Structures are given as structure tokens and as C-alpha cells.
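Quick notes on the structure that follows.
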Amino acid sequence: MGLGLLLSAWTLLFLFRIVLTWYPQVDLSQGVWKLVAIPTEPVLGVSRKLIAPIGGVDVTPVIWVGLVSLIRELLVGQQGLLTQMVMRLSVLPA
């Protein structure tokens, strides 16, 4: 449950980064925006080196939303690997 919550929060932060790209005047190094930038910038910085902007638009936050959502679903979703393991362990005889 904690991993699912963490991955959901990270997805939400990437969604905030997508919205913030519409407002280039926002300084992510000041105020409450640091809370959005600090957990996301390390992976976005590396991604930007690998994936160039498309039409001048940074698409890396969109890619990370998709990747983190996929990882969350594969691990802790309704049919996720960790969910299935917990379910199987709970039905094993003691």
C-alpha cells in the first residue's frame, strides 16, 4: 500500500510539472514549487538529455507520467505482481 501511495504521489508531481510547463515564468527553485521540483527534476534532467523537446515542448514529464503509472499498475494494481503475492501468501495454511 505504501509503494502504491508513493508512486501515485510521484505521478501527481509529474502532472504538476506538465501544468507548470504552461507557465514558464514560474521559478521552480522558490517557494512551494520546490516541493514539486526536488522529487522530479533528477529523473527529468536525465530524460531531457535522451529525449529532445518536440516542437519546443518538453515531453519528458508526460513520458514519466506514463512510465510511473505503468509501474504502479504492474506492481500494486488490482492484478499487480505484489498484490498477487500478498493474496497468495494470505491463503497459505499456517
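Worth a mention:
- Put a dot 7 Å past the Cα of residue 92, heading toward its Cβ, do the same for residue 71, and the two dots end up 2.7 nm apart.
- Considering only 64, 33, 22, the Gaussian network model of the chain with Cα springs below 10 Å gives its largest mean-square fluctuation to 22.
- Cα convex hull, the chain: 112 Å³ per residue, rounded to a whole number.
- Against the main long axis of the alpha-carbon atoms of the chain, helix 2-20 sits at an angle near 20°.
- Folded to 0 to 90 degrees: helix 60-76 orientation relative to the chain principal axis, Cα: 10
- GNM result for the chain, Cα springs below 10 Å: residue of 57, 36, 76 fluctuating most strongly: 57
Quick note: the coordinates plus some simple rules give every number you see, no bench work behind them. Treat the numbers as computed from the prediction; the structure is a model and nothing was measured. Please note: Cβ atoms are built from the backbone with ideal geometry, for glycine as well, and neighbour counts cover all protein chains shown.
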